[in-house]
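Reading through the structure tokens given below for one structure.
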Amino acid sequence: MKNLTFILMLALSISACGHQKKNNLQIKEETKMEVSNKQKVLELLKSIETGAAEPIAYINANKYIQHNQGVADGLAGFGALLQQLPKGSAKVNTIRVFGDGDFVIAHTDYNFFGPKIGIDIFRFEDGLIVEHWDNLQEKLTQTASGRSQIDGATDVANLDKTMENKALVQNLIHDIFLGAHPDKITDYISTEQYDQHNPGVKDGLAGLGEALTALAETGMPMVYEKNHMILGEGNFVLSVSEGIFMKEKVAFYDIFRIENGKVVEHWDTIENLIAETEAKNKNGKFNF
């Protein structure tokens, strides 16, 4: 891992690019165009493991808004977090990545202060990352479905269905997760295939119903209270919501894969919210 001083010196040199010669600026712009935003995210996340300093250049050193409640704002906060990682402990394997306009969503198998599954959202302006949200959940080896929390389909397809699929998930969240019309569940989720990656839920609609019933019977129902964002590309759609799980306030990040107008696969991460008074930044967990 490169030391924090080096990382911050690099960041300062990036922020000073406005003082470089015009031809250097043109080279910089050409370089940004050659690397897609998805690739920038992949390289930045992998640098947590490798210690490579170069991907830090993909972050706007003058504007980096942090929504992870446990990390201080700005590039300095990101650097300080990296310094806390035990040397050689970090592992990063991003399994799927998709985009929506200026947003890139990454679904990653981490060893980050312990084994975790993470869903990260990055927002870009002018080719640089200016904002970051994430949701992390501890990785489990035993799951109800026998599937892992991260495996399954990865290829982005059906780009022409992006808006249709986002609308499907928006309506799914409203009618089913927020409870407006729970009887419509088969309008949204396939009765033939529903591959489940939530570690506590079995495959299929029956598995989902069984898990939700069990939670309710123990007096700890899973409750979605508000949806904050829907992002998607082709067959993958991410929903970001807040609510109650195990009697705690949480953030729900749900990734759905859609085929032929129905959800056929689901991944999620559930993370407890930190009280605003304890958060290391004032940007809020959501605030899209």
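Read-outs throughout are calculated quantities, based only on the coordinates presented, and are distinct from any laboratory measurement. Model, not experiment: these values are computed from the prediction. Backbone-built Cβ (ideal geometry, glycine too); neighbour counts: all protein chains shown.
Here is how the numbers come out for the structure above:
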quantity: Between helix 22-34 and the chain: long-axis angle, C-alpha atoms, 0 to 90°, nearest 10; calculated: 20 degrees
quantity: Rg(Cα)/(2.2 N^0.38 Å) for region 30-169, N = residue count; calculated: 1.09
quantity: Distance (nanometres) between label positions extended 7 Å along Cα→Cβ at LEU215 and ASP183; calculated: 2.4 nm
quantity: The chain: angle of helix 37-50 to the longest principal axis, Cα-based, in degrees nearest 10; calculated: 80 degrees
quantity: [x] 32, 28, 18; [y] 58, 22, 13; [z] 35, 21, 17, with the label sought being that of the calculated semi-axes √(5λ) of the Cα gyration tensor in Å; calculated: [z]
quantity: Candidates LEU136, LEU75, LEU85, ranked by Gaussian network fluctuation over the chain, Cα under 10 Å, top entry; calculated: LEU85
quantity: Unit charges on C-beta of K, R, D, E only; dipole of the chain, Debye; calculated: 1060 debye
quantity: Choice from GLY219, GLY118, GLY243 showing the highest fluctuation, given a GNM over the chain with Cα pairs closer than 10 Å; calculated: GLY219
quantity: Computed E for PHE113/ALA153 - FRET, C-beta separation, R0 41 angstrom, nearest 0.05; calculated: 0.90
quantity: DSSP beta bridges in the chain [antiparallel fraction, %, rounded to 5]; calculated: 90 percent
quantity: 222 nm mean residue ellipticity, helices alone, for the chain (DSSP H n ≥ 4; -39,500 (n - 2.57); rounded to 500); calculated: -8500 deg cm²/dmol
